[in-house]
1. Among the residues of segment 36-77, what is the count of those that are free of Cβ contacts under 8 Å to residues at least 24 places away in the same chain, surrounded by 12 or more Cβ atoms within 10 Å (Cβ to Cβ) and under 13 Å from the mean Cα position of the chain (by Cα)?
2. Filter segment 26-52 down to the residues that are of a type in the set (S, T, N, Q), modelled with pLDDT of 85 or more and in a helix (DSSP H, G or I) and list them by number.
Amino acid sequence: MYLPTSADQSALAQLSRAGTLPLASQVAVRVAYLIAVWTSRHRTRRALRHLSVDQLRDIGLDRGTADLEMTKRFWRP
């Protein structure tokens, strides 16, 4: 399974702003970008479930904030 990296997301964002692509290609790039962002959100939120309280504190979150973030759907920022 392919998992997009932040570099992939940057490249897709840059392509979507290029303006020199045909319309169908622009739409395809934007859809690919959305899928990459949604995949990243889903993976990050899923990973929060496995972090201990100490690990959450290291990244600046408490358990309540992490729980709130974990309950969000992938399409919600």
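1. The number of residues fulfilling the criteria is 1.
2. The answer is Thr39, Ser40, Thr44.
The values are calculated or read from the model by the stated rules, or taken from the named source; none is laboratory data. None of the values given here were measured: they were computed from a predicted structure. Note that we place each Cβ from the backbone using ideal geometry, even for glycine, and neighbour counts take in every protein chain shown.
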